[in-house]
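Structure, as structure tokens:
The values are calculated or read from the model by the stated rules, or taken from the named source; none is laboratory data. Computed from a predicted model, the values in this text were never measured in an experiment. When we count neighbours, we look across all protein chains shown, and the Cβ atoms used for this are built from the backbone with ideal geometry, even at glycine.
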Amino acid sequence: MDNKQQLLAFALCGLVSLAQAGEKEELLKLRNTTTNLIKELVKQGVLTEKVADEMIKRAEADAEKQAANQAKAGGATDATPAEPGEVRVPYVPDFVKDEIRQQVRSELRADVTQDVIKEAKTQQWGVPSALPDWINRFKLSGDLRLRSQGDYMAPGNNAPGASGYYYNYQAINNGASAINDLSNDAFYNTTTGRQWFRERLRLAIDAKINDSLKTGIRLATGNIPNPISTNQTLGNYGGQYQFNLDRAFLKYEAVDTDGYKWLTVAGGRTQNPWFVGGGEFTGGSELVWDADLSFEGLYSTARHNLSSSDGIAEKSDSSRSVFMTVGAFPLQDSINNRATAGGAFSQSQSSHNKWMFGGQTGLEWGFDNQDVFSMAAAYYDYQNIKASVNNSQNLVNGLNSNCGTNTANNNQSVPQFMQGGNSLTSICETNGVVGLAGLASDFKIVNVNGSYNMAMFAPYHVVLAGDFAKNIGNVMRNTALLNPYNSGTTAWQVRMDAGWPKVDRNGQWNVFAQYRYIESNAVLDAYTDSDFHLGGTNAKGWSMGGNYGIMKNTWLTGRWLSTDVITGPKWGIDTLQLDINTRF
């Protein structure tokens, strides 16, 4: 029997003894010893908090059952018929009497406390340590990260055809000219390395409105045009940091009689509602969604507990449930006040608003050895994001241009944000030079991901995870494509993590390694990971690293990413990130 089994056996023996003890002193001694032991097992990672709670619940249930049997047996020992008018009281064990006394004291204490507080408010007494009720409804939390990042371009990037090949169409849409401006504004940097320092600060406030409804806001550094990064680049003595409203939402949670949260409904600017695999241990996959992305819209998640009817799983240390999430998220609102040639306002363009509708269903299955298998399948459907091309051509100020005659639909189809990699087409041109570019593809993404968390080496865990995405939308395949990126529609990732499930104390650690392959049109490049190949699609490569705790709520992170493009001239990038993280 190994150490873990010995500790568990000792804990269970203590709980059985607790139910049988008759003396108050022995009862309290065994109860405190067993409770402290279970807490220590949780702290060391041998048991999860959920498993510990279930063990205690089962022990208490067994104790109550044994107490009832003892009381019944005690009452049956006297077989003498009762005399008329005689009232017999069954024997009540001492530990049952103690529990009754404690329960009465607790209930009485609560009632007396409420009366005292009520009277104190009425009489305006000075009550030490008393706080206003509204303070208890608020929770403040946050984190701060300092990062040193080095980006190193591969020597082969200087090969003929590589320089000046990868156009930055986000910059071109913002006004950079691919002909008159040959600086880095019009092209991606493929040859010059960079060493830079960055900082991230996030501050969250959650407020409890009532038992079922809460609201939350989060402020974060970053810049407004970029939805997937909350980093602030240092070297800003000429100005101040931007601190933006990153989240603002209402959330309703329905709880059943066993305390199980079976329904969540949230609206506003919220956290990512989709299961991305891995949990806090791995941070979740960023194949489809960058970890810093917030969602604007409405979603609902329903869960069904596969545990037994009494709220305790059939296996005392397992967690089993199925869930389903649906959501609707507006991406860009149409401009409906564009004047027509006759001076009248155009009809509402609300039918051309950009939306993302999604649905996901998944399963979490815990085993009796504390291993957990999780998986989910999702479908994300983007509406009205494909480019609307201007086919008319006019002579404007001596230039052959059709950008000045764009319709509201054309302008609406220009992406608000792109990282690069998706196939594009020209919306309008001036003398053959692209003026505005838009997506050449529809995006209807099928996504399947899962993970297996092995706890056999507890407190150390090993997690194996995989993620697969496929765009089944219509993809343009002709010579009108602006960039010669492949028209591939598949992305996948495999990952392994090992170490402590959570690193926030001195000496705790974990390490990870992953490989990712993401073709041009597999996912929307605007929302995928901003660190892998410095953001976007049409990339493949490795990343590896780890975390090490140096003190409470403070840990170090190191990560190395080595990537290259899938199609096109060589564009290899190696990135080294060194972080110090704090949580408060």
What do you reckon, is D317 assigned by TED's automatic domain parsing to the domain that holds R218, touching a Gly at 6+ places or on another chain (Cβ under 9 Å), at pLDDT 95 or above and of a type in the set (D, E)?
no
Scan the stretch 184-195 and tell me whether some residue there is under 21 Å from the mean Cα position of the chain (by Cα), assigned by TED's automatic domain parsing to the domain that holds R247 and at pLDDT 90 or above.
no
Limited to the stretch 535-576, what total is found for residues that are among the polar types (S, T, N, Q), under 27 Å from Y167 (Cβ atoms) and part of a strand (DSSP E or B)?
4
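For (1) under 20 Å from the mean Cα position of the chain (by Cα); (2) modelled with pLDDT of 95 or more; (3) surrounded by fewer than 19 Cβ atoms within 10 Å (Cβ to Cβ); (4) not acidic (D, E), each residue gets a yes or a no:
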site: L481; (1), (2), (3), (4): no, no, yes, yes
site: S487; (1), (2), (3), (4): no, no, yes, yes
site: K502; (1), (2), (3), (4): yes, no, yes, yes
site: V511; (1), (2), (3), (4): yes, yes, yes, yes
site: Y515; (1), (2), (3), (4): no, yes, yes, yes
site: I518; (1), (2), (3), (4): no, yes, no, yes
site: V523; (1), (2), (3), (4): yes, yes, no, yes
site: A539; (1), (2), (3), (4): no, yes, no, yes
Restricting attention to the stretch 281-297, and to residues there that are surrounded by fewer than 19 Cβ atoms within 10 Å (Cβ to Cβ) and within 8 Å of the chain's Cα centre (by Cα), which single residue is farthest from G359 (Cα to Cα)?
G283
Among D529, D574, the single one that is crowded, with 18+ Cβ neighbours inside 10 Å, in contact (Cβ under 8 Å) with a residue 60 or more places away in the chain, in the same structural domain as P227 (by TED's automatic domain parsing) and not β-branched (V, I, T) is D529
Among the numbered criteria (1) in contact (Cβ under 8 Å) with a residue 24 or more places away in the chain; (2) outside any strand (DSSP E or B); (3) farther than 24 Å from T301 by Cα, which one does N244 miss?
(2)
Going residue by residue through the stretch 459-466, is there one that turns out to be assigned to a loop (DSSP other than H, G, I, E, B) and in contact (Cβ under 8 Å) with a residue 24 or more places away in the chain?
yes
Looking at the stretch 273-293, I want the residues that are within 20 Å of Y548 (Cβ to Cβ) and have a partner that is among the hydroxyl-bearing types (S, T, Y) and not in a loop (DSSP other than H, G, I, E, B) with Cβ atoms under 8 Å, at least 6 apart or on another chain. Which pairs are those?
G278/S451; G279/S374; G279/S451; T282/S451
